[in-house]
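Step one of this worksheet: look at the structure below.
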Amino acid sequence: MASLIDLLKEKMIRLKVSANNWEEALRQGGQLLIDDDGVEPRYLDAIINTVKELGPYVVIAPGLALGHAGPDMGVLKTCFSLITLKKPVEFDVPENDPVDIIFCFAAPNKEEHMEALRDMAMFCSETRNIDATRSSTEVWQIRELLIEFFQS
């Protein structure tokens, strides 16, 4: 099973990305999964379409979204990405908007992603980690934050 440290390599992190709306923001995060050969392009369409159909279920905490879709939507391997936004976007979730940190993930089955999701939840439950993620300007700062958090 892959941990968040294993999955969130430097190439899977982008900081201070520009996006005009929630859809562009999710596409930016999802594109990293495609670029890593983790998912087929239709996976990204599935994320967007599911939000349009079911509403903004991907917004999981104030300022934080987790884009994902089902394993049958073109998942090739377990993968995770993280982007922060230059300017936050609205998902139409008043209690959690605006969002400026977006994780995207994909997994071929339920078991594969449980460890990484658990890691992400633990990491994000600490305000100082969210604050540090938000203020990071270099990818290595995020990697250091993750390593420090999980190896201490």
Checklist entry - Can Val51 be described as surrounded by 19 or more Cβ atoms within 10 Å (Cβ to Cβ) and over 13 Å from the mean Cα position of the chain (by Cα)? => result yes
Next on the checklist: So in the range 122-152, with the set limited to residues that are assigned to a loop (DSSP other than H, G, I, E, B) and over 16 Å from the mean Cα position of the chain (by Cα), which one is nearest to Met12 (Cα to Cα)?
Outcome noted: Glu138
Next on the checklist: Taking the condition of being of a type in the set (S, T, N, Q) and closer than 11 Å to Cys104 by Cβ, how many residues in the range 29-49 meet it?
Outcome noted: 1
Item to check | Residue pairs meeting the criteria (Cβ under 7 Å; at least 6 apart or on separate chains; first more than 14 Å from Cys104 (Cα to Cα) and in contact (Cβ under 8 Å) with a residue 12 or more places away in the chain, in the range 114-139; second of a type in the set (Asp, Glu) and not in a helix (DSSP H, G or I)) | outcome: Arg134/Asp100
Checklist outcome for this item: Those residues of the range 102-152 which are buried (at least 21 other Cβ atoms within 10 Å of the Cβ), hydrophobic (A, V, I, L, M, F, W, C) and under 21 Å from Thr50 (Cα atoms) amount to Ile102, Phe103, Cys104, Phe105, Ala106, Ala107
Checklist entry - In the range 77-100, which residue that is among the aliphatic types (A, V, I, L, M) and either within 16 Å of Ile130 (Cα to Cα) or modelled with pLDDT under 95 (or both) is surrounded by the fewest Cβ atoms within 10 Å (Cβ to Cβ)? => result Val93
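The values are calculated or read from the model by the stated rules, or taken from the named source; none is laboratory data. Given the structure is predicted, the values throughout are model-derived calculations rather than measurements. Note that each Cβ is placed from the backbone with ideal geometry, even for glycine, and that neighbours are counted across all protein chains shown.
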